[in-house]
Amino acid sequence: MRVFQIEGEWGTQNLRLSERPEPEAGPGQVIMQMRMASLNARDLIVPERGYGRATGELPLIPVSDGVGEVVAIGDGVTRVAVGDRVCPAYFQNWTGGDPSPERFASALGGPLDGVMAERVCLSQEGVVRVPDYLTDAEAATLPCAALTAWSAVATHGQTRAGDRLLIQGTGGVALFALAFAKLHGAHVTVISSSDDKLARVREMGADETISYSETEDWARASRAITADRGGYDNIIELGGAQTLPLSLRAVRPGGTLSMIGVLSGLTVEASLGLIVARQVRLQGITVGHRDGFEAMLAAMAQHEVRPVIGETFAFDELHSALDHLRAGGHFGKTVIGF
Ligand SMILES: NC(=O)c1ccc[n+]([C@@H]2O[C@H](COP(=O)([O-])OP(=O)(O)OC[C@H]3O[C@@H](n4cnc5c(N)ncnc54)[C@H](OP(=O)(O)O)[C@@H]3O)[C@@H](O)[C@H]2O)c1
């Protein structure tokens with residue numbers, strides 16, 4: 001079968017169309033015929049071995065997110081049946097409870113082989129049935145970006161109606177966070193570098209928007225929005241180095257910083273005094289577990305939440321799809337059809 005894999009040496013230039021033997025389902029395993037995949041920021045990092053040893057070994061099939069149809073099952077499989085439409089769980093071994101090194105070492109698309117293969121063999125514990133109302137493209141976007149946003153807004157954030165949330169940017173995680181925050185009845189501020197994208201998030205329900213290219217000190221600019229409580233209840237922190245110092249000023253006493261992304265850099269100089277004096281909760285988010293995925297799907301199906309789809313590429317256009325993501329102009333998820 002056809003696969004994309006990083007082979008020989010690490011580097012995006014060594015990500016090549018290749019062949020692997022057909023997988024066979026052993027006991028407890030399922031074979032998914034892939035229909036669509038979807039890209040995340042991490043898919044630009046993995047080919048460069050950006051997570052060090054945790055990135056895995058070569059050859060490696062990249063990309064964690066997708067949807068497929070179950071075409072074969074091994075002995076003892078009861079969670080799904082042939083014909084079911086399923087998504088892989090991002091962490092194959094984290095079904096619920098606390099994270100652990102072993103659970104974190106089970107991410108698809110690095111260190112485990114991912115979904116850029118015509119057929120994928122996974123444990124039945126590592127797949128989740130998807131609701132009928134979602135198209136294949138929509139379902140393909142859910143395992144990483146959507147679940148990360150759900151973990152920040154619902155699982156850890158425990159968002160309540162009337163909470164004030166701030167979301168950074170309009171990327172994949174950000175747009176899901178907006179949808180889930182509105183689902184919970186929150187008041188949402190989105191910051192973006194693009195006026196066009198801010199107009200689009202207002203159409204999606206954002207209550208306030210701030211251009212961070214025009215208003216660099218968005219922490220100050222947001223004071224009036226949260227004047228009744230002295231800052232945001234939860235900030236979906238995706239920027240990292242450039243945004244964390246501002247987030248520490250914009251979060252309310254007792255509020256939460258949901259630490260997810262490091263789009264502008266990994267290391268930061270910021271006032272730790274603000275964390276102590278304001279009793280800020282720094283909540284790292286690492287995607288989430290399968291129980292969270294299933295809870296998210298139930299909430300999405302109840303309210304027919306629709307993921308935002310950007311550009312669609314064909315399977316053999318993976319490099320163009322990655323270039324498109326790297327260019328940063330996208331709005332909505334970049335998806336790949338098989
Ligand atoms: N911890 C986890 O479990 C987890 C899971 C998924 C992703 N992530 C991380 O989360 C981040 C976002 O991932 P993604 O897949 O959503 O990426 P993405 O779709 O590529 O998002 C890119 C968008 O982020 C915004 N952005 C970039 N720099 C920014 C800054 N300095 N301040 C505010 N916004 C900024 C931009 O929005 P505008 O164009 O609107 O300005 C840009 O379009 C990445 O760092 C990724 O590695 C972490």
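The values are calculated or read from the model by the stated rules, or taken from the named source; none is laboratory data. Note that this is a predicted model, so its numbers are computed, not measured. Cβ atoms come from the backbone with ideal geometry, glycine included; neighbour counts cover every protein chain shown. Heads up: the accessible areas ignore ligands, DNA and RNA and are worked out on the full protein's heavy atoms, side chains in. Shrake-Rupley method; radii C 1.70, N 1.55, O 1.52, S 1.80 Å.
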Exercise for review: Using a 10 Å cut-off on Cβ atoms, rank the peptides 57-68, 11-22 from the highest mean neighbour count down.
Suggested key: 57-68, 11-22
**Study point:** Backbone N within segment 109-125 under 18 Å of label point (7 Å from T286 Cα along the Cβ vector)
**Key:** 109-113
Study note, to complete from the structure: By the C-alpha gyration tensor axes a ≥ b ≥ c (rounded if a/c is under 1.5, else prolate when a/b exceeds b/c, else oblate), the shape of the chain is prolate
Practice item. Could you run the Debye sum over the Cα atoms of segment 36-173, one equal point scatterer each and no solvent, and tell me log10 of I(q)/I(0) at q = 0.10, 0.21 Å⁻¹, two decimals? Key: -0.36, -1.40
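Any idea what the dipole of the chain comes to, in debye rounded to 20, about its Cα centre with Lys/Arg Cβ at +1 and Asp/Glu Cβ at -1?
1000
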Point to revise | 10 Å-binned pair-distance histogram of segment 256-338 (Cα, whole percent) | key: 13, 25, 33, 22, 6, 0
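How much length, in nm to one decimal, is gained on full extension between E22 and D217, taken as 0.36 nm per residue of separation minus their Cα-Cα distance? Write out the running numbers ahead of the final one.
Numbers: separation 195, 0.36 × 195 = 70.20 nm, distance 5.41 nm.
Gain on extension, E22 to D217, equals 64.8 nm.
Please give the length that would be gained between Y133 and L58 if that part of the chain were fully extended, namely 0.36 nm times their separation in residues minus their C-alpha to C-alpha distance (nm, one decimal).
Numbers: separation 75, 0.36 × 75 = 27.00 nm, distance 3.74 nm.
Using 0.36 nm per residue and subtracting the Cα-Cα distance, I get 23.3 nm.
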**Study point:** Net lengthening on full extension, D196/Q33 (0.36 nm per residue, minus Cα-Cα)
**Key:** 54.9 nm
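For the chain, what does -39500 (n - 2.57) per DSSP helix run (n ≥ 4), summed and divided by total residues, give at 222 nm, in deg cm²/dmol to the nearest 500? Each step should come with its number before you reach the end.
On the way: 11 runs with 79 residues, N = 338.
Helices in the chain give a 222 nm mean residue ellipticity of -6000 deg cm²/dmol.
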Check your understanding: What angle do you read, to the nearest 10 degrees and between 0 and 90, between the alpha-carbon axis of helix 172-183 and the longest principal axis of the chain?
Key -> 70
Practice item. Return the long-range amide H neighbours of L282 (sequence gap of 5 or more, or a different chain), with a cut-off of under 5 Å between placed amide H atoms. Key: L257
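Under a 1.4 Å probe, what is the accessible area of the chain per residue, stated in Å²?
Numbers: 14180 Å² over 338 residues.
Result: 42 Å² per residue.
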